[in-house]
Amino acid sequence: VSPPAVRLVRCLEPTCVGHTHTEIGTGGAVSLVVPEDDLPLLALRGDGGWMVVKCSNPACTEHTTTELTELRDPARAAIPWSVIARLGSDGLPVLGYGSGSTTDNGWVGVVRVLFCADPACTSSDVVTVAEEPGQMNELLGFEVGPDGPMFGFAAQETPLRGLRFVRCLDPGCAQTGPVSLIGPNQPMHGAAMAVGADGLPVFALVPPLDRL
């Protein structure tokens, strides 16, 4: 089965009755940001892994594509299931993701952040923010605050287990805070994270049906 087409829809007026559709490519997951240049950037998961698509005009009828080979480390890390794109304080794209990797100590789940060095993300730097032995991590929330990125993630089991939170202590993630367990280490169907006006994270959790 071929992967589904990914399209960019651009509204032309406030009610979005008038809009444009542009097919960008194919993929299984996507995240989108629109920088100050009004040229959208998409993080797109295709057959071979993740890529960044940078639009050359607002409707994205022309664009450039950059493969994110950094999301595969030399140990053949698993391809992240989800990548969340945000904009940094410098206006450049920042991508947060969770994955898994083989190390000398066995399989570990990781949370990482990719800092794009230019608007099209043709050059980037990856920082490992957290490692959790024995599991693959799925990123459920990612925001970039004035003091640095912050992450909500969980072990990728069925269902997800144990929402955790970690934040960088500086914009470049040279230092990170401790990993905090949000609530009991119990299964859940999903979670969402946002940032309040005070700059502190706010979470919503969905427990399994037998725990409602």
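The values are calculated or read from the model by the stated rules, or taken from the named source; none is laboratory data. Predicted, not measured: the structure shown is a model, and the values here were computed from it. Quick reminder, even Gly has a Cβ in these numbers, built from the backbone with ideal geometry, and neighbours come from all protein chains shown. For accessibility, only protein heavy atoms count, side chains too; no ligands or nucleic acids. Shrake-Rupley method; radii C 1.70, N 1.55, O 1.52, S 1.80 Å.
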Using a 10 angstrom cutoff on alpha carbons, build the Gaussian network for the chain and name the most mobile of Val17, Val83, Val33.
Val17
Can you tell me which of Gly48, Gly106, Gly98 moves the most in a GNM of the chain? Springs connect C-alpha atoms under 10 Å apart.
Gly106
At a probe radius of 1.4 Å, what is the per-residue accessible area of Leu181, in Å² to the nearest 10?
90
Name the residue farthest towards the positive end of the dipole of the chain from the options Ala85, Pro119, Cys55, assuming +1 on Cβ of Lys and Arg, -1 on Cβ of Asp and Glu, about the Cα centre.
Ala85
How would Asp90, Asp38 rank on accessible area, largest to smallest, probe 1.4 Å?
Asp90, Asp38
In Å and from the alpha-carbon atoms only, list the Rg and Dmax of the stretch 127-187.
11.7, 34
Using the Cα gyration tensor of the stretch 20-125, with a ≥ b ≥ c the square roots of its eigenvalues, what is the shape: rounded (a/c below 1.5), prolate (a/b larger than b/c) or oblate (neither)?
prolate
For the chain, the percent of accessible surface on carbon and sulfur atoms (probe 1.4 angstrom, ligands and nucleic acids excluded) is 55
Solvent-accessible ranking of Trp81, Trp50, largest area first, probe 1.4 Å:
Trp81, Trp50
What does the charge count around Gln175 come to, taking other residues whose C-beta lies under 14 Å from its C-beta (Lys +1, Arg +1, Asp -1, Glu -1)?
-1
Find out how many positive minus negative residues lie around Thr122, taking Lys and Arg as positive, Asp and Glu as negative, among other residues whose Cβ is under 15 Å from that of Thr122.
-3
Based on the Cα gyration tensor of the stretch 105-212, what are the three equivalent ellipsoid semi-axes, each the root of five times an eigenvalue, rounded to whole Å and given largest first?
25, 17, 12
Counting every Cα pair in the stretch 1-63, what percent are over 20 Å apart?
27
With Cα springs under 10 Å, the Gaussian network model of the chain assigns the largest mean-square fluctuation among Ala197, Ala29, Ala120 to Ala197
